[in-house]
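The values are calculated or read from the model by the stated rules, or taken from the named source; none is laboratory data. Small disclaimer: the values here were computed from a predicted structure and weren't measured. Neighbour counts are summed over all protein chains in view; Cβ atoms, including those assigned to glycine, are modelled from backbone coordinates with ideal geometry. Quick note on the areas: whole protein, heavy atoms, side chains included, nothing else; ligands and nucleic acids left out. Shrake-Rupley method; radii C 1.70, N 1.55, O 1.52, S 1.80 Å.
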Amino acid sequence: MRARAILGAAVPAVAGVLLLTACSRSDRTEIATFTDEHGRVCTAAVVIDSEDSDREVQALDCEYPPEGRTPGPEGYADLP
């Protein structure tokens, strides 16, 4: 009898967790390229929170372009 009561309480709880997990939206990641105020070419991985559209930089890499070269255009691209 006790096992049946525990099972009866566990099944709805597990179903609720699975339902909430399946309905949640996942965060998006974009790659941003830009030139900073020092002339360095920078690439950043930007994570966009699905709940409040808050943006957070996860990875930032900046390098000076090779001598005699200029950086390309700035841009954003969604990751697949």
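Please report the accessible area of Ser26 (heavy atoms, 1.4 Å probe, ligands and nucleic acids excluded) in Å², nearest 10.
90
Quick one: what are the phi-derived ³J(HN,Hα) couplings along segment 43-57, Karplus 6.51/-1.76/1.60 with θ = phi - 60°, whole Hz, x for glycine and proline?
After applying 6.51 cos²θ - 1.76 cosθ + 1.60, I find 10, 10, 8, 10, 9, 9, 5, 6, 7, 10, 6, 5, 10, 9, 7 Hz.
So for the pair Glu63, Thr43, with labels modelled 7 Å out along Cα→Cβ, what separation do we get in nm?
0.8
Using packing as a proxy for protection, rank 54-66, 29-41 so that the peptide with the highest average count of other Cβ atoms within 10 Å comes first.
29-41, 54-66
Using amide H atoms built 1.01 Å from N in the peptide plane, name the residues 5+ places from Thr29, or on other chains, whose amide H lies under 5 Å from its own.
Ile48, Leu79
Give me the one-decimal nm value for the distance between modelled label points at Asp52 and Tyr76, 7 Å along each residue's Cα-to-Cβ direction.
My value for the distance between the label points is 1.9 nm.
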